[in-house]
Every structure is written in structure tokens, then in C-alpha cells.
Amino acid sequence: MMASVTAETKTMDCLHFINGKYCSSVDHKTFENINPATEEVIGTVAEGGKKEIDLAVTAARKALNGPWKEISTQERSKIIRRIGDIILKRIDELAMLETLDTGKPLWLAKQLDIPRAAYNFHFFADYMISVGTEAYEQDNIAINYAVRRPVGVVGLINPWNLPLLLLTWKLAPCLAAGNTAVMKPAEWTPMTATLLGEICKEAGVPDGVVNIVHGFGPDSAGAALSEHPDVDAISFTGETSTGTVIMQSAAKTLKKLSYELGGKNPNIIFADSDLDEVIETTIKSSFINQGEVCLSGSRIYVERPVLDAFMEKFVQKTKELTVGDPLDPNSKVGALISKEHYERVSSYLKIAREEGGNIVIGGKRPAGLDKGYYLEPTIIAGLDRNSRCVKEEIFGPVVTVLPFDKEEEVIEQANDTHYGLSATIWTNDLRRAHRVARQIEAGIIWVNTWFLRDLRTPFGGMKRSGIGREGGMHSFEFYTELSNICIKL
Ligand code: ADP
């Protein structure tokens, strides 16, 4: 099977996983995998394209109509549960791989990414047992009932920020609903996805049900998957602009789509809120995972009477965040994913200065860290509401702070964006909390918290932040098709 990470060298070569076996690309093409914290090569990755996607889709189609179909719901649930169990058993190894690939702190991978990946399987293993359908009596004329069936072969295209967490958030319901999958992990983070192949096999997933093809997006494995005529649906998490391109390729065969895209999420702080609680959570919603979180609350709006008090505490707590080696348990913030991304995020600091912004803290590479894509957590104030730093998704440890005076004014500003993923509202006024929450144009709204998840709830964005919702029943709506059967009495 797969040689996983070696403790001494912390390296791993990644192969595709097709029809239950690890394999190289047909032409043996590979690309290098870089650790963003050290800039060192930590392995090679098989570079797949159309040929490998064809093989994976063929295997997935065969398994869909073969062994996977034969397995009872109870048995499928047990297999899915076992995947979660094995993930937990291998948590140390998976967390290390996630950290080497992404540059995120090891403690975070261990606390958040890997346990949640396991929970995705445990949750859907339970949930799938209780999923039902509808039935209607039409007087004495007819009865109607709906049956639910898998949508088919599903392509899962994944991002690099929470690699295993987001991949399993798709794979678990996809399998629970009886589908087979072809996954395309992000090119920057192939390691944990690769191990998932052997984990699924050990759990009892039949060959061909789960396939993994590595490679790039445009003109590569990603494009081949999204335009493949025998793929029935695509679930994609990534940039809004990529979503547009995938939609165009998927349109040729009218694939079902589920999208979770970018965000520029408002974090609204009213003067009556508990500032210590606000600061503690705002530090997380701004800088956890180096700010590389689609839900990150990167637009902070503060009611003017508490602006100074907020800024003083927020700056102080930001100063206390240690940036550095992801393997060091004291590091609160690790490295950004890649050189290109580091440069892109840094370009916004230049833009902020040009736009007349005041970089209150951060804005540069931390002293003493010459290697690795490290950037200090950065707070920008004094910007105009229409500046690019306030409007565009930066996807790094960079937040903007703007004051506001009136409730209506902050609602209007919060909604003044093409995005609509999430929002946080801080207030102790019950009526205001409900009133404001109902007016914010976002798929996920938190009051006095952030990133508090119940996997039964609808998760996803409106406007250009997504299409559809996943979570609980919503995942089943996407990963299944309904047929209504009408019986004349
Ligand atoms: P980022 O730029 O942050 O990596 P992307 O949206 O480009 O975000 O990438 C998310 C995922 O989408 C990755 O797995 C990537 O390879 C894939 N991808 C990028 N472009 C395309 C495309 N044109 N078709 C299909 N997949 C793509």
C-alpha cells in the first residue's frame, strides 16, 4: 500500500488512488510538493490529467452499479463509521501531514481538522439511517410516494486551506447517500487525501467507490473531472472565479452543482456587547489558520462608542500571537500556503497604504523568520468603505476595522458586497440580534459566536459565495435524486 510519512524525513510521495489501488500517472508525470513553512520539497505528487480521470470515472461507474449498490444501508453506515474510527486512530500521522502540507500549526490540525474529518463520517453514518422521503394521499384517486437514489458518480474538487476537513465534509454524505466519488485534492495539499485511500479500503469500502486523482485545475485533472460526460454532479469548494469556470465545463452535460465559494464576512460589534468575549473570538475569526478560512470575519465593524476600547485590546491580543514554526506548540499562526499566495496577500498591504489605510499592527514578515511564507497578523484601519481591502477577499491574516454609528448603516455596509457566506453579530440586545440577523444577506449568521457548527444545519453561501447548502438533510438533497411514484387507486 502507500508508504506514509517517515518520521525522520517528514516526506511522502503521493500517488493516485484508482479502483482500490495506488498508481502513478500513465505517463509517470509528477510535480513537487513544498512545505510552506520551510520552502523545502517534501515529496513528489503524481500529476494526473484526462487519462487518469477517465480511469477513475470508469472505476467509479462500475462500483456504483456493482458492489456498492449491493451493500445494505446498515452495512454502508458501519463502513462509513469505520472510516471515522480509523482517522481518529491515525490522528497523529494525519495531523502531521496536514501541517507539513499547509503550514498550519500542528495543534490546530490535531484539535480541529482531523477530529472534524472523523466526525464528518461519524455524523453521516448516524444521519443516513434516519433519512426518509415524502408520501401524499390524493383522496381516493392515488397515492404518491418518493424514493431516493444516489445521484451517481460525483466529482469532489477541494481547496487547500482545510484539506481533509473539507474533503470529508463532501465525501461522507456522498458515500452515505450511496454514490461513488472521484476526488481532486488541491495541488498544494495532496497528503492527507492520499492516505484516505488506504483508510477507506481498510474500513471496507469496495474498490472503485472512492478514487483520488491528483493534479492541477485548469487544463488538468480539475478541468477533466468537471467536464467529464459520465460524472453526474460536482461539489466544489474554492474561489468564486474558479466556480464560474467549472460551471461552464459542467454545463455541457448539465451536471448538478454544489458550491461553497469565497467570502468577505462582516464581524459586527455593537457597543453593548461583552468586549472580552468579542476580542477572544475576533482573534480567532481573524487569524486562526492564518486567516485562510472562507468563514473568516475579515471586515470588522465597530460601533463608535467602543471603537477605542476595542482597538486597544484587539491590537494588544494580536501582538501576543506568536507566528512561527507550525511544529512548535507555542506558534499560534503558521505559514501561508505558497509563495504565490504570500505575494498575493502581501500585495494587499501595498494597496492598503495606497488607499490611505493605516496598518495599525503587522503588515510584514516577522523578524527572524527568513524562510517560509510567514506574515504577521495585520489590522488595517482608516480605509474608505469602497477600498479594495474592504471589498476583496484577501484570504490571509489581514482584517480591516471600520467604525459605524447606526444599526441601519452597518446593515447596509455589511450587505454591500457580492459575497454572502457568513456574518457575526455581537450584541446583548435580544431584539436587535434577531432584527439585524434577519437583514444580513449571508447563508450563515452567528450571534455572539463564530464557527460554532451543528452538522445538521444548512451550510453554504448566497450571492457569489455559493450555490446550494450542505449539512444534514441538505447534503442528502444534493447527493440524491428523488423519483415520485404515483399509484392510481
Ligand atoms: P485557490 O486559488 O485558492 O487554490 P481554487 O479555486 O483555484 O483556489 O482551487 C480550488 C480547487 O479547484 C483546487 O483543487 C484546484 O486545483 C481546482 N481548480 C482550479 N481551477 C480549476 C478549473 N478550471 N477546473 C476545475 N478545477 C479547478
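Of note:
- Förster radius 41 Å - calculated FRET efficiency between Lys406 and Leu482, Cβ distance, rounded to 0.05: 0.35
- Here, P(r) means the percent of Cα pairs in each 10 Å bin from 0 to the largest distance; for the chain it is 4, 20, 29, 25, 15, 6, 1, 0, 0.
- Cross-link table Lys317/Lys391; Lys170/Lys371; Lys78/Lys256, entries beyond 32 Å C-alpha to C-alpha: Lys170/Lys371
- Take the Cα of Asp230, step 7 Å toward its Cβ, do the same at Phe216, and the gap between the two points is 2.7 nm.
- Spatially proximal aspartates and glutamates relative to Lys252 (Cα-Cα < 12 Å; intrachain offsets below 8 disregarded): Glu227, Asp230, Asp232
- For Glu312 and Glu239, a Förster radius of 25 Å and the Cβ-Cβ distance give a FRET efficiency of 0.10, rounded to the nearest 0.05.
- Cα Rg, Dmax (largest Cα-Cα span) when computed across the stretch 1-142, Å: 20.3, 73
- The alpha carbon gyration tensor of the stretch 172-309 gives principal lengths a ≥ b ≥ c with a/c of 1.5 or higher and a/b greater than b/c, which makes the shape prolate.
- Alpha carbon centroid spacing (whole Å) that separates the stretch 289-324 from the stretch 136-202: 36 Å
- Listed values for the stretch 406-417 are Karplus-derived 3J(HN,Hα) couplings in whole Hz (6.51 cos²θ - 1.76 cosθ + 1.60, θ = phi - 60°), namely 10, 4, 4, 5, 6, 5, 5, 5, 4, 8, 7, 7, and x replaces Gly and Pro.
- Remark: the Glu202-Lys339 segment gains 45.7 nm on full extension, using 0.36 nm per residue and subtracting the alpha carbon distance.
- With contacts taken as Cα pairs under 8 Å and at least 6 residues apart, the stretch 266-447 reaches a relative contact order of 27 percent.
- In this label model, Glu32 and Arg432 are separated by 5.4 nm, measuring between points 7 Å along each Cα→Cβ vector.
- Ranked by how many other beta carbons lie within 10 Å on average, peptides 142-149, 360-367, 414-421, 259-266 from highest: 259-266, 414-421, 360-367, 142-149
- Cα-derived Rg over Rh, computed across the stretch 266-447 with Rh taken as Kirkwood radius: 0.96
- The GluC sites (Glu not before Pro) of the stretch 365-421 that meet both conditions, a loop assignment by DSSP and at most 16 other Cβ atoms within 10 Å of the site Cβ, are Glu392.
- Projecting the Cα atoms of Leu307, Gly443, Ala433 onto the dipole axis of the stretch 266-447, where Lys and Arg carry +1 and Asp and Glu carry -1 at the beta carbon, places Gly443 farthest toward the positive end.
- Placing Arg90, Arg456 in order of accessible area, with the largest value first and a 1.4 Å probe, yields Arg456, Arg90.
- A cut-off of 5 Å between modelled amide H atoms, ignoring neighbours fewer than 5 places along the same chain, links Asp272 with Asn428.
- Across the stretch 382-489, Cα-Cα distances exceeding 18 Å account for 61% of all pairs.
- Ranking Met191, Met96 from most to least accessible surface, computed with a 1.4 Å probe over the protein chains only, gives Met96, Met191.
- Take every Cα pair under 8 Å whose residues are at least 6 apart in sequence, average their separation, divide by the length of the chain, and the relative contact order is 18 percent.
- The GluC sites (Glu not before Pro) of the stretch 113-214 meeting both criteria, a DSSP state outside H, G, I, E and B (loop) and at most 12 other C-beta atoms within 10 angstrom of the site's C-beta, are Glu134.
- Residue-normalised accessible area of the chain, given per residue in Å² at a 1.4 Å probe: 41 Å²
- Amide H within-cut-off set for Tyr374, under 5 Å, with H built and near neighbours excluded: Leu336
- Cut-off under 5 Å, modelled amide H: who pairs with Ile34 long-range: Ile42
- As a fraction of the 1.4 Å probe accessible area of the stretch 107-262, surface on carbon and sulfur atoms comes out at 55 percent.
- When His474, His16 are compared by accessible area of protein heavy atoms, the largest-first order is His474, His16, using a 1.4 Å probe.
- Lys51/Ala135 FRET efficiency (R0 56 Å; Cβ-Cβ; nearest 0.05): 0.75
- Within the same chain, aspartates and glutamates fewer than 8 places from Lys104 are excluded, and of the rest, those with a Cα less than 12 Å from its Cα are Asp113, Glu292, Asp325, Asp328.
- Residues of type lysines that Lys313 reaches as a straight line, Cα spacing below 19 Å, ignoring anything fewer than 8 places off in the same chain: Lys284, Lys332
- Derived scalar couplings ³J(HN,Hα) [the stretch 355-371; Karplus, 6.51 cos²θ - 1.76 cosθ + 1.60; whole Hz; x for Gly, Pro]: 7, x, x, 10, 7, 5, 7, x, x, 8, 5, x, 4, x, 10, 8, 10
- Here the stretch 91-131 and the stretch 343-371 have alpha carbon centers that stand 32 Å from each other.
- Cα centroid separation, the stretch 389-455 to the stretch 23-37: 40 Å.
- Its relative contact order, with pairs defined as Cα atoms under 8 Å and 6+ residues apart, puts the stretch 341-478 at 16 percent.
The values are calculated or read from the model by the stated rules, or taken from the named source; none is laboratory data. From a predicted model like this one, the values you see are computed outputs, not experimental measurements. In this analysis, Cβ positions are derived from the backbone assuming ideal geometry, glycine residues included, and neighbour counts consider all displayed protein chains. Heads up: the accessible areas ignore ligands, DNA and RNA and are worked out on the full protein's heavy atoms, side chains in. Shrake-Rupley method; radii C 1.70, N 1.55, O 1.52, S 1.80 Å.
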